[in-house]
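Notes to accompany the following structure.
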Amino acid sequence: MDFRREMLDAGSSFDGCNCLDSYARAEDWLAHLEEARSEELMSARHKVASDLWLAVRRSDGRIVGIIDFRHSLDHPVLAQWGGHIGYCVRPSERRKGYAKEMLRLDLEYCKAFGLDRVLVSCHKGNIGSEKTILANGGVFEKEIEVDGRIVRRFWIELN
């Protein structure tokens with residue numbers, strides 16, 4: 001909840017946090033995450049199952065980031081601009097390489113999951129996220145407009 005508070009106080013986007021901003025209690029959010037892992041339950045809700053990881057710094061146990069892997073693009077939002085992976089790093093821990101390493105590790109999981117390539121996107125002007133995607137092999141595909149903002153789409157080959 002400290003991570004959530006810092007994100008809210010900074011007015012940061014919760015992209016990749018699987019609705020953390022909607023939950024005031026950690027227990028409720030964790031229950032939501034457990035449900036999100038169920039292919040059957042998410043399919044019945046017209047959503048896509050996902051796995052989420054917390055990036056925890058070993059030296060002090062502080063959560064520095066969150067990354068969410070969506071199992072497929074079988075949803076209009078994900079197929080258009082959301083992509084397979086969303087992530088965020090708490091404002092006080094940005095520009096330290098955490099996002100780059102989080103994405104690298106998640107791509108390994110995606111490959112083991114059986115995917116050949118993944119879609120990752122970011123808002124135009126989010127230079128840190130774009131650099132993270134490019135550093136992990138992202139290849140720019142195109143820009144699209146979503147709710148008045150430009151989103152940049154990148155594909156990352158896993159083979």
Worksheet item: Just wondering, is there one or more residues in the range 22-37 that are buried (at least 20 other Cβ atoms within 10 Å of the Cβ), within 24 Å of Leu158 (Cβ to Cβ), modelled with pLDDT of 95 or more and touching a Cys at 6+ places or on another chain (Cβ under 8 Å)?
Response: no
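Kindly indicate the residue of the range 86-130 that is of a type in the set (A, V, I, L, M) and in a strand (DSSP E or B) and also farthest from Met7 (Cα to Cα) among those meeting that condition.
Within the range 86-130, the match that is farthest from Met7 (Cα to Cα) is Val118.
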Worksheet item: What is the residue count in the range 38-70 for residues that are surrounded by 14 or more Cβ atoms within 10 Å (Cβ to Cβ) and assigned to a helix (DSSP H, G or I)?
Response: 1
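Being in contact with a His (Cβ under 9 Å, 6 or more places away or on another chain), at pLDDT 95 or above and among the polar types (S, T, N, Q) is true for just one of Ser50, Ser92. Which residue is that?
Ser50
The rows are residues; the columns are (1) more than 15 Å from the chain's Cα centre (by Cα); (2) over 27 Å from Glu145 (Cβ atoms).
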position: Arg57; (1), (2): yes, yes
position: Asp60; (1), (2): yes, yes
position: Val64; (1), (2): no, yes
position: Phe69; (1), (2): no, no
position: Gly86; (1), (2): no, no
position: Arg90; (1), (2): no, yes
position: Tyr109; (1), (2): no, yes
position: Gly128; (1), (2): no, no
Worksheet item: Does Leu73 satisfy the condition of being outside any loop (DSSP other than H, G, I, E, B), of a type outside the set (S, T, N, Q) and surrounded by 13 or more Cβ atoms within 10 Å (Cβ to Cβ)?
Response: no
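The values are calculated or read from the model by the stated rules, or taken from the named source; none is laboratory data. Quick caveat, the model's predicted, so the values are computed rather than measured. Ideal geometry is used to build each Cβ from the backbone, glycine not excepted, and the neighbour counts take in all protein chains shown.
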